[in-house]
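Everything on this sheet refers to the single structure shown next.
The values are calculated or read from the model by the stated rules, or taken from the named source; none is laboratory data. Small disclaimer: the values here were computed from a predicted structure and weren't measured. Here the Cβ positions follow ideal geometry from the backbone for every residue, glycine too, while neighbour counts run over all protein chains shown. For accessibility, only protein heavy atoms count, side chains too; no ligands or nucleic acids. Shrake-Rupley method; radii C 1.70, N 1.55, O 1.52, S 1.80 Å.
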Amino acid sequence: MENNEIKNLDIQGNYSYIISLIETSKSSTLKAINSELIILYWKIGEYIQKDILDKADKIYGENIVVELSKRLTSHYGRGFSKSGLSRMINFYRKFKYFEIVATLSQQLSWSHFVELIKIENELKREFYIAMAINEGWSVRVFKERINSMLFERTAISKKPEETIKKDLELLSNQKIMTESLFIKDPYILDFLGLEDSYSEKDLEDRILQELEKFLLEFGSDFAFMGRQKRIQIGNKDYYLDLLFYHRKMRRLVLIELKLGEFEPQYKGQVELYLKWLSKYEKQEFEEEPIAIILCASKDSEEIELLGLTEGNIRVSEYLASLPPKKLLEEKLHKAIIEAKELVTQK
């Protein structure tokens, strides 16, 4: 065959197709290996717990585990060290049902599980499992979300346990995300690199410059729609700070940026914007628009009296810099306790 005939053949098309077959096969193989590895670790943890530790006194059982780890490490490497076996035992203790492990092993890696078994609270674990699968978090992002105390910052943490379970089931089984799983308080915007003194325009500019990181903080289903959108009501022009769309909730999300403390008049302003969006922008298949007023600080009692703890307008603080973790933990745990006490009183 002559060179000009070879050039006319669809080599690139055939090559690309075969490459796609190879890559798909490699991906499927890696997933299968990952799943088998997770199931293996679970079965080892189950065996050691039920057939060794539960049948012997504590010291004798621990000595057996130590000896097992020595022999397994010499044969299979560091993954079977004493700490490795302890992790497998803990894995079994935290995930008792094989069917659940088998299902999750198709969606999460062993590195995800290593982070999950560190979490003692079962509901919190279920939250991170559901969110990791829904958002497609890598292990790096997964660890960042846990370290930033995402669960405690999300509105769902302040709900009764039954509500949390129901919302997580909706997300896991029907891919339906409720506002409580989406809205956070506070939002951590330390990646914006804001100086001590900045304007609302500076804040807005930096958000757009770091839009990818901003969307990661808000969620993967969040799509940017526009900035300073002009709307006309009567003879007056108004401007919406930031407009987004949430695909799973199927609704527009308005974000209003405020530098200082929340002021009651913001509610009326945002209600007006939402009514305009509902009338002129909402599509037939969409839910009603919602708004998040992002401010530097707020008074909890004021927010409660204005009825902004539920509904289509929420008020959240933002942190321009990440405080020490202990301080953040104290702040969030106090907020959760206060919110649940309020629900009980109602």
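For this structure, a couple of remarks:
- Computed helical MRE - 222 nm, the chain, DSSP H runs ≥ 4 contributing -39500 (n - 2.57), nearest 500: -17500 deg cm²/dmol
- Ranked from largest to smallest solvent-accessible area, with a 1.4 Å probe on the protein heavy atoms, HIS333, HIS75, HIS246 come out as HIS75, HIS333, HIS246.
- According to the Cα-based calculation, Rg over Rh for the stretch 117-161 is 0.94, with Rh computed by the Kirkwood formula.
- Length gained when the stretch ASN173-GLN107 is fully extended (0.36 nm per residue, less Cα-Cα span): 22.4 nm
- Calculated on the alpha-carbon coordinates, the convex hull of the stretch 296-341 measures out at 84 cubic angstrom per residue.
- Note on the stretch 257-346: with neighbouring protein chains present and a 1.4 Å probe, carbon and sulfur make up 51 percent of its accessible heavy-atom surface.
- In the stretch 251-346, taking the dipole from charged Cβ atoms about the Cα centre, the farthest positive-side position among VAL253, ALA335, PRO323 is held by PRO323.
- Nearest-20 debye value, the chain charge dipole, Cβ charges on Lys, Arg, Asp, Glu: 1160 debye
- Shape of the stretch 1-159, Cα gyration tensor, a/c cut at 1.5: oblate
- Heavy-atom accessible surface of PHE285, to the nearest 10 Å², is about 120 Å², with a 1.4 Å probe and all protein chains retained.
- Heavy-atom surface of the stretch 290-330, accessible at 1.4 Å and reported per residue (Å²): 48 Å²
- Pairs of C-alpha atoms in the stretch 193-312 farther apart than 21 Å represent 43 percent of all such pairs.
- Calculated FRET value between GLU263 and SER86, using beta carbons and R₀ = 45 Å, to 0.05: 0.25
- Solvent-accessible area per residue, Å², over the stretch 1-133 with all protein chains present [probe radius 1.4 Å]: 66 Å²
- Distance between the stretch 275-346 and the stretch 223-258 - C-alpha centres, whole angstrom: 18 Å
- For LYS298, the solvent-accessible surface computed with a 1.4 Å probe is close to 50 Å², ligands and nucleic acids excluded.
- Listed residues LEU30, PHE182, ILE19: farthest to the positive end of the dipole of the chain (Cβ charges): LEU30
- Our estimate of slack between ASP202 and TYR17, defined as 0.36 nm per intervening residue step minus the Cα-Cα distance, is 61.8 nm.
- Option label - P(r) over Cα pairs in 20 Å bins from 0, in percent computed here, alternatives (i) 30, 60, 10, 0; (ii) 24, 46, 25, 6, 0; (iii) 33, 58, 10, 0: (ii)
- In range of the label at SER27: residues from the stretch 109-133 whose backbone nitrogen is under 20 Å from the point 7 Å along Cα→Cβ: 109-112, 132-133
- Placing unit charges on the Cβ atoms of the charged side chains and taking the dipole of the chain about its Cα centre, the candidate lying farthest along the positive direction among LEU40, LEU240, ILE133 is LEU40.
- Within the assembled protein chains, the solvent-accessible surface assigned to ASP190 is about 70 Å², based on a 1.4 Å probe.
- Ordering ARG251, ARG87, ARG71 by accessible surface, largest first, gives ARG71, ARG87, ARG251; the 1.4 Å probe counts only protein heavy atoms, with every chain in place.
- Label-to-label distance, nm, for residues given as LEU194 and ALA223 (7 Å Cα→Cβ offset): 2.8 nm
- Spin-label model, GLU62/PHE285: points 7 Å from Cα along the beta carbon direction are separated by 6.0 nm.
- Protein-only accessible surface order, largest first, of THR154, THR309 at 1.4 Å: THR309, THR154
- Compared with the dominant principal axis of the Cα atoms in the chain, helix 11-47 is inclined by about 70°.
- Segment ARG230..SER138, full-extension length gain: 29.4 nm, with 0.36 nm per residue of separation and the alpha-carbon distance subtracted.
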